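Reading through the structure tokens given below for one structure.
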Amino acid sequence: MSEKPEQANRFNERKPKFSFLDLTSFEETVFVLEFGATKYARDNWKKGMPIMDLLDSTMRHIAALLRGEFIDPESGLPHHGHIGCNVMFIGYVFKNYPQFVPENLRAQVQKYSIPKDWNVKA
């Protein structure tokens with residue numbers, strides 16, 4: 001009978017499990033990031049921008065999909081890739097640029113943290 005080898009301790013409770021993501025679903029988002037790097041500069045988006053500008057852009061791409069338009073005419077890339085970028089940018093701004101968060105959200109964003117009882121075993 002073989003004994004299980006001792007395993008190192010690892011305390012990953014309340015840490016995100018990125019293995020839940022299907023990275024192939026983000027390919028179009030990466031292509032849009034590459035398009036943006038050529039148009040503006042690599043990581044230009046990390047300078048931050050107003051959340052409302054990002055929400056407006058996201059909604060324009062959602063509206064295009066709802067109209068039946070799959071490809072963004074400017075980039076030649078699917079609208080869902082642009083939506084993925086905008087959602088990522090919004091999350092980045094919430095974490096790093098409170099000055100770009102609208103006043104009516106700022107206090108909530110600043111006091112948000114993962115709930116203490118968040119410990120889903122998946």
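The values are calculated or read from the model by the stated rules, or taken from the named source; none is laboratory data. Quantities reported herein were computed from a predicted structural model and do not represent experimental measurements. Virtual Cβ from ideal backbone geometry, glycine too; neighbours counted across all protein chains shown.
Kindly indicate which of I90, I62, I51 is at pLDDT 95 or above, within 30 Å of P115 (Cβ to Cβ) and touching a Leu at 6+ places or on another chain (Cβ under 7 Å).
Details: I62 fails: touching a Leu at 6+ places or on another chain (Cβ under 7 Å); I51 fails: touching a Leu at 6+ places or on another chain (Cβ under 7 Å).
Result of the check over I90, I62, I51: I90.
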Could you pull out the residue among K39, K95 that is within 17 Å of the chain's Cα centre (by Cα) and of a type outside the set (A, V, I, L, M)?
K95
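Within segment 8-122, which helices (runs of 4 or more DSSP H) (wholly inside it) include 1 or more residues that are acidic (D, E)?
Values: elements: 27-39, 51-66, 79-96, 103-111.
Passing ranges, in order: 27-39, 51-66, 103-111.
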From the option list R60, R10, R14, R42, single residue qualifying as farther than 24 Å from K95 by Cα and charged (D, E, K, R) is R10
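Rundown of residues vs (1) surrounded by 11 or more Cβ atoms within 10 Å (Cβ to Cβ); (2) charged (D, E, K, R); (3) touching a Phe, Trp or Tyr at 6+ places or on another chain (Cβ under 7 Å), yes/no style:
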{"position": "L55", "(1), (2), (3)": "yes, no, no"}
{"position": "L65", "(1), (2), (3)": "yes, no, no"}
{"position": "E69", "(1), (2), (3)": "yes, yes, no"}
{"position": "G84", "(1), (2), (3)": "yes, no, yes"}
{"position": "F100", "(1), (2), (3)": "yes, no, no"}
{"position": "Q108", "(1), (2), (3)": "no, no, no"}
{"position": "I114", "(1), (2), (3)": "no, no, no"}
Total residues in segment 36-54, condition among the hydrophobic types (A, V, I, L, M, F, W, C) and farther than 19 Å from F26 by Cα:
4
Under 8 Å between Cβ atoms, which residue pairs at least 6 apart in sequence (or on different chains) link something in segment 66-85 that is within 17 Å of W45 (Cβ to Cβ) with a partner that is aromatic (F, W, Y) and modelled with pLDDT of 95 or more?
S75/F35; L77/F31; L77/F35; G81/F31; G84/F26; C85/W45
